[in-house]
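Beneath this line is the structure, given in structure tokens, with notes to follow.
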Amino acid sequence: MLASFMTSLPHSGGEEKLKMVKPCDVLMVLLSMKMPPRLTQIEYEYERSADDNSFLCFVLLPGGSCFGNSDLSSSQVDARQSAAKIAFINSVFNEHPSKLISPDSIARILQAASFSFVDDPSDVRALDAFEAMLHHHMGETMLDLQSSITTFQLLHWNNAIPSLRANGCSREEVLDHYCHRKIDFHFRQRLVDDWMSRAQVGGRSLLLEEMSRARSERTAMVRSGRECRFPHEKLKILKQALKRLDEGRIQFAAQQRNNNQAN
């Protein structure tokens, strides 16, 4: 695939024309070789940096992976190209045969993962769940697996897994339902609702503290060129919950004023 990708790039005009090829365009060419055009939608999301003088860009690939620009950019255009470059490098690396999930690679991955676990029942269950997830992604790539891991990370972060188990859902049923589950508007809104409920008890500071942790986590991943969908989604969910919380308080204060004036 990589060889055919290289031949698809413009070579007429020599090195000068090749240098003019933008990372965003190269990334699109690579993805269009893997899937139909209607599925090659790439999303670019922009944020202002903390000092408000530069831009951050996060590129969301069709498979669910997210990458950000590791260096602060003075414009959205530069940030976009920088993020696309990181996403392209990771996507090409992901096409290597060693990144394909197979029975042999599952054995190697589980052997490496076992060193991260100690001998207690909870760790054994976590390793068993990880093995089941690997088998659900047989024949796919590590980035495909990471997208499902992100979904389960968000559910775990939101304490949804214990609730599912308490309602009688087996581990197999949870895996069947949420493996390959896209993080869409409806999935995200359920988590926003849960964090809204928590903030109404724990206060606005609860959301702000969680946002600070998520932002630090995302920054560390972006700086090392790693996939960062999990902390990126946490920030989106928490920002939305904070916005709704503030809007609710404003509406409540307005209603109180109207009631006082009516009295």
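The values are calculated or read from the model by the stated rules, or taken from the named source; none is laboratory data. These numbers were taken from a predicted model, which means no experiment stands behind them. Quick reminder, even Gly has a Cβ in these numbers, built from the backbone with ideal geometry, and neighbours come from all protein chains shown. Surface areas here come from the heavy atoms of the whole protein model, side chains and all, with no ligands, DNA or RNA. Shrake-Rupley method; radii C 1.70, N 1.55, O 1.52, S 1.80 Å.
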ask   = Looking at the stretch 54-89, which of its residues are part of a helix (DSSP H, G or I) and buried (at least 17 other Cβ atoms within 10 Å of the Cβ)?
value = 79, 80, 81, 82, 83, 84, 85, 86, 87, 88
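Is it the case, given these coordinates, that residue 101 is at pLDDT 90 or above, open to solvent by 30 Å² or more (accessible area, probe 1.4 Å) and closer than 30 Å to residue 235 by Cβ? Steps first, answer last, please.
Working: at pLDDT 90 or above: yes; open to solvent by 30 Å² or more (accessible area, probe 1.4 Å): no; closer than 30 Å to residue 235 by Cβ: yes.
When the stated conditions are applied, residue 101 does not pass them.
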inquiry  = Kindly evaluate residue 210 against the criterion of being more than 16 Å from residue 149 (Cα to Cα), surrounded by fewer than 12 Cβ atoms within 10 Å (Cβ to Cβ) and of a type in the set (Asp, Glu).
reply    = no
Residues of the stretch 35-53 satisfying the condition of being farther than 14 Å from residue 75 by Cα and either in a helix (DSSP H, G or I) or at pLDDT 80 or above (or both) = 37, 38, 39, 41, 42, 43
query = If you scan the stretch 141-189, which residues turn out to be modelled with pLDDT of 90 or more, polar (S, T, N, Q) and part of a helix (DSSP H, G or I)?
reply = 146, 147, 148, 150, 151, 153, 189
task = May I ask you to list the residues in the stretch 144-180 that are touching an Asp or Glu at 6+ places or on another chain (Cβ under 8 Å) and open to solvent by less than 30 Å² (accessible area, probe 1.4 Å)?
result = 150, 154, 158, 160
query = Restricting the first residue to the stretch 124-148 and requiring it to be on the phi > 0 side of the Ramachandran plot and free of Cβ contacts under 8 Å to residues at least 40 places away in the same chain, which pairs with a second residue that is part of a loop (DSSP other than H, G, I, E, B) and open to solvent by less than 60 Å² (accessible area, probe 1.4 Å) meet a Cβ separation below 9 Å and a spacing of at least six or different chains?
reply = 139/101; 139/102
ask   = What are the residues in the stretch 231-256 that are closer than 19 Å to residue 60 by Cβ and open to solvent by 30 Å² or more (accessible area, probe 1.4 Å), if any?
value = 236, 239, 240
